[in-house]
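Beneath this line is the structure, given in structure tokens, with notes to follow.
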Amino acid sequence: MATPLVVSDVAKSFTMHLRDGVTLPVVKGVSFSIRAGECAVLGGPSGAGKSSILKMLYGNYAVDEGQIIVQHGGGLIDLASASPRTVLSVRRHTIGYVSQFLRTVPRVSALDVVAEPLVERGEDRETARAKARALLAQLNLPEKLWALPPATFSGGEQQRVNIARGFITEHPILLLDEPTASLDARNRDVVVELIDAKKTAGVALLGIFHDLDVRDAVADRVIDVTAFAAGKIAA
Amino acid sequence: MTDEPLLRVSALSKFYGSRVGCENVTFDLWPGEVLAVVGESGSGKTTLLNCLSTRLLPSSGTASYRMRDGQRRELYRMSEAERRFLMRTDWGFVHQNPADGLRMTVSAGANVGERLMAVGDRHYGRIRATAVDWLSRVEIDDDRIDDEPRAFSGGMRQRLQIARNLVTGPRLVFMDEPTGGLDVSVQARLLDLLRGLVTDLGLAAIVVTHDLAVARLLSQRMMVMKDGRVVESGLTDRVLDDPRAPYTQLLVSSILQV
């Protein structure tokens, strides 16, 4: 089975230059891989470094050591050492990301926020909007909100816009940072359905879910992040 | 996406006597890419912008530009006339103060039309139609086309300056604090407009700003400058969310939370 994402021996620490250069180790020796069609979940308590790992895999955090090998554009690239331009191309075509919070742009409608990743991939705007409408309807976002910028939406409404934006494309790898955190039960079930559909389509998913029901419903396996604790002495 | 950079800058330095303007700046810019140059006043970002746009000649270093015919040309080896032609056709320069980039005593329509005439358009009707079209794209009502920019508000002047720069379909636009000196509500509108235009037209741009929020919204890549040197560069969200250099950490931690 295809393995589009392989992480080996990744380490991350933060050096706080404004605090006399104190170094905060986050994780080290992070090694795992994700197969196409499976959903793996990062497990461990808050502060264990789950979000940091996800952010490194998206190029949002720099990587101190190790490799992140991604199948991209018919070849393999190391995201940990890739140029900004390569990271952007990986984000456009290979790795999608659903964050906890939506960073809104003034004056852009919810519908266009959702359609944008498809337009960036070269889809024509009307087709992209049609797909965005279908997703927003599936996620039960009231139709009267679609034409409005999401800045004033409630937390749960913003999160659904965010989820629709993350799921609209056909990225072969999808990272999910607590996509169900502020959703009610009905919409959580929709997200579980969306994840199942991605698995069937052969997408490799890696997520953080604090909601145990959702986690049990979607996880094929749990990766215990405490094993990568940077304070721990290597076994 | 092309495999060749539009602009290739290598070891660019500018000294004012013994004082450093900018030192040893190296980067590539690809078509459609927006690069933000951030840093506080006096960090050398405007000097760098002026060198890149050939308004100022560097003390050392090279910059080459891929012309529309695909040939690479060394910017600092071109004749003055060639550089002026590039500036009028393939490049735009948006000044912080619109009065520096506009002719304040001719009409808004003429400000836009003038750039078209500079590239050889002589058909009055067509020039006027294009001017009307561009004014509407920057959200200026067409009944203002015969007014002078002196009668415009700051935000409108800035939008007019942008229309004047983009009307010739440039491939590279330099912007020096494009939202500086504007009210926040006017700023948001302008940023949103710029963001849309840059995406729709596939422009490459180099935006100098001290405002990290502006950099976050407009750019994919960022360079942080201090005392004339680049202290950190990378993807914009990476630099802002995981700043590595001491100075970048100071900048990011100094943002006021609203």
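The values are calculated or read from the model by the stated rules, or taken from the named source; none is laboratory data. All values reported here derive from a predicted model rather than from experimental measurement. As a convention, Cβ positions derive from the backbone with ideal geometry for all residues, glycine included, and neighbour counts pool all protein chains shown. Each accessible area value is taken on the protein alone, full model and side chains, heavy atoms only, with ligands, DNA and RNA left out. Shrake-Rupley method; radii C 1.70, N 1.55, O 1.52, S 1.80 Å.
Restricting attention to the range A:184-211, the residues that are surrounded by 22 or more Cβ atoms within 10 Å (Cβ to Cβ), of a type in the set (A, V, I, L, M) and not in a helix (DSSP H, G or I) add up to 4. Looking at the range B:154-166, is at least one residue under 28 Å from B:Tyr16 (Cβ atoms), over 14 Å from the mean Cα position of the chain (by Cα) and surrounded by fewer than 21 Cβ atoms within 10 Å (Cβ to Cβ)? No, because not a single residue in the range B:154-166 is under 28 Å from B:Tyr16 (Cβ atoms), over 14 Å from the mean Cα position of the chain (by Cα) and surrounded by fewer than 21 Cβ atoms within 10 Å (Cβ to Cβ). Among the residues here, A:Arg19 does not qualify as charged (D, E, K, R), within 14 Å of another protein chain (Cβ to nearest Cβ) and crowded, with 16+ Cβ neighbours inside 10 Å. Looking across the range B:106-145 at every residue that is buried (at least 20 other Cβ atoms within 10 Å of the Cβ) and part of a loop (DSSP other than H, G, I, E, B), the one that is farthest from the chain's Cα centre (by Cα) is identified as B:Ile140. A search for C-beta distances below 6 Å between a residue of the range A:163-190 that is more than 21 Å from A:Ala201 (Cβ to Cβ) and any residue that is modelled with pLDDT of 95 or more and aliphatic (A, V, I, L, M), counting only pairs 6+ apart in sequence or on different chains, returns A:Glu178/A:Ile208.
In this entry, B:Gly202 passes the filter for residues that are touching a residue at least 40 places away in the same chain (Cβ under 8 Å), within 14 Å of another protein chain (Cβ to nearest Cβ) and surrounded by fewer than 16 Cβ atoms within 10 Å (Cβ to Cβ). Taking the range B:36-105 and the helices (runs of 4 or more DSSP H) fully enclosed by it, no element has 2 or more residues that are modelled with pLDDT of 95 or more and closer than 15 Å to B:Arg164 by Cα. The residue that is nearest to the other protein chains (Cβ to nearest Cβ), among those in the range B:209-258 that are buried (at least 20 other Cβ atoms within 10 Å of the Cβ) and assigned to a loop (DSSP other than H, G, I, E, B), is B:Asp242. Among the numbered conditions (1) more than 11 Å from every other protein chain (Cβ to nearest Cβ); (2) open to solvent by less than 20 Å² (accessible area, probe 1.4 Å), the only one that B:Leu191 does not meet is (1).
Kindly provide the set of residues from the range A:90-129 that are small (Gly, Ala, Ser) and touching a residue at least 60 places away in the same chain (Cβ under 8 Å), ordered by number. Of everything in the range A:90-129, those that are small (Gly, Ala, Ser) and touching a residue at least 60 places away in the same chain (Cβ under 8 Å) turn out to be A:Gly96, A:Ser99. Looking only at residues of the range A:63-73 that are in contact (Cβ under 8 Å) with a residue 40 or more places away in the chain and open to solvent by less than 50 Å² (accessible area, probe 1.4 Å), we find that the one that is nearest to B:Leu235 (Cα to Cα) is A:Val63.
Among the residues making up the range B:175-188, a single one is hydrophobic (A, V, I, L, M, F, W, C) and crowded, with 24+ Cβ neighbours inside 10 Å: B:Met175. Residues in the range B:1-32 that are of a type in the set (Gly, Ala, Ser) and under 20 Å from the mean Cα position of the chain (by Cα) were compared, and the one that is farthest from B:Met225 (Cα to Cα) is B:Gly32. Could you tell me whether A:Gly49 is modelled with pLDDT under 95, within 14 Å of chain B (Cβ to nearest Cβ) and in contact with a Leu (Cβ under 9 Å, 6 or more places away or on another chain)? Against the criterion (modelled with pLDDT under 95, within 14 Å of chain B (Cβ to nearest Cβ) and in contact with a Leu (Cβ under 9 Å, 6 or more places away or on another chain)), A:Gly49 qualifies. I'm checking my understanding of the structure. Among residues of the range B:25-79 that are in contact with a strand residue (DSSP E or B) (Cβ under 6 Å, 6 or more places away or on another chain) and farther than 26 Å from B:Gly234 by Cβ, which one is surrounded by the fewest Cβ atoms within 10 Å (Cβ to Cβ)? Filtering the range B:25-79 for residues that are in contact with a strand residue (DSSP E or B) (Cβ under 6 Å, 6 or more places away or on another chain) and farther than 26 Å from B:Gly234 by Cβ, the one surrounded by the fewest Cβ atoms within 10 Å (Cβ to Cβ) comes out as B:Glu74.
Scanning the range A:74-86 for any residue that is outside any helix (DSSP H, G or I) and in contact (Cβ under 8 Å) with a residue 40 or more places away in the chain turns up nothing. Hey, any hits in the range B:88-95 for a residue that's open to solvent by 60 Å² or more (accessible area, probe 1.4 Å) and hydroxyl-bearing (Ser, Thr, Tyr)? No, the range B:88-95 contains no residue that is open to solvent by 60 Å² or more (accessible area, probe 1.4 Å) and hydroxyl-bearing (Ser, Thr, Tyr).
Scanning the range A:149-168 for residues that are at pLDDT 95 or above and not in a helix (DSSP H, G or I) returns a single hit, A:Ile168. Across the range A:86-114, the qualifying residues are those that are under 28 Å from A:Ser154 (Cβ atoms) and away from every other protein chain (no Cβ under 13 Å), and the one among them that is surrounded by the fewest Cβ atoms within 10 Å (Cβ to Cβ) is A:Gln100.
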